[in-house]
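Structure first, then comments.
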Amino acid sequence: MSFLCWDPRAGCSARGGSQQKDRKLFVGMLNKQQSEDDVRRLFEAFGNIEECTILRGPDGNSKGCAFVKYSSHAEAQAAINALHGSQTMPGASSSLVVKFADTDKERTMRRMQQMAGQMGMFNPMAIQFGAYGAYAQAVSIDTGPGLLMIL
């Protein structure tokens, strides 16, 4: 049996469990004028930064988001706890977004869901199986504040 688990307090998501090895963060709602050095200065208080990359468009201009990779999961979690939603950068439309970056598998799944949704092929509550059209429905279990399991 597989399950889907989401708990923002514990760094648990669609991966189905703990993310102790996650060290890479997605940072959104940055000022588009900020440099990698500016982002490093904002995040260096929480640990050793191995990589810092601002996402840029084909024209070389910042997209207002970045990836920051720490040496450890604990450092990354400390940055999320301290900075997510903590401030609105000048020129940004809402508060700073700091979260664990998606894995390749999560990114692929999200793209597949978006494509299926655009084509009207996916109803998340009923999936048709077999020649007789039997339906399997998602069963959700509320296991406490902020935690949802779908079996």
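The values are calculated or read from the model by the stated rules, or taken from the named source; none is laboratory data. These figures come from a predicted structure and were not determined experimentally. Here Cβ is always computed from backbone atoms with ideal geometry, including for glycine, and neighbour counts include all displayed protein chains.
Residue by residue, here is whether (1) modelled with pLDDT of 95 or more; (2) within 19 Å of the chain's Cα centre (by Cα) holds:
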{"position": "Gly47", "(1), (2)": "yes, no"}
{"position": "Ala79", "(1), (2)": "yes, yes"}
{"position": "Gln137", "(1), (2)": "no, no"}
{"position": "Ile141", "(1), (2)": "no, no"}
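Across the stretch 90-107, which residue is surrounded by the most Cβ atoms within 10 Å (Cβ to Cβ) among those that are of a type outside the set (Asp, Glu) and at pLDDT below 95?
Ala92
List the residue pairs whose Cβ atoms are under 7 Å apart, where the first residue sits in the stretch 51-74 and is on the phi > 0 side of the Ramachandran plot, the second is charged (D, E, K, R), and the two are 6 or more positions apart or on different chains.
Once the first residue is on the phi > 0 side of the Ramachandran plot and sits in the stretch 51-74, its partners that are charged (D, E, K, R) give Gly64/Lys32.
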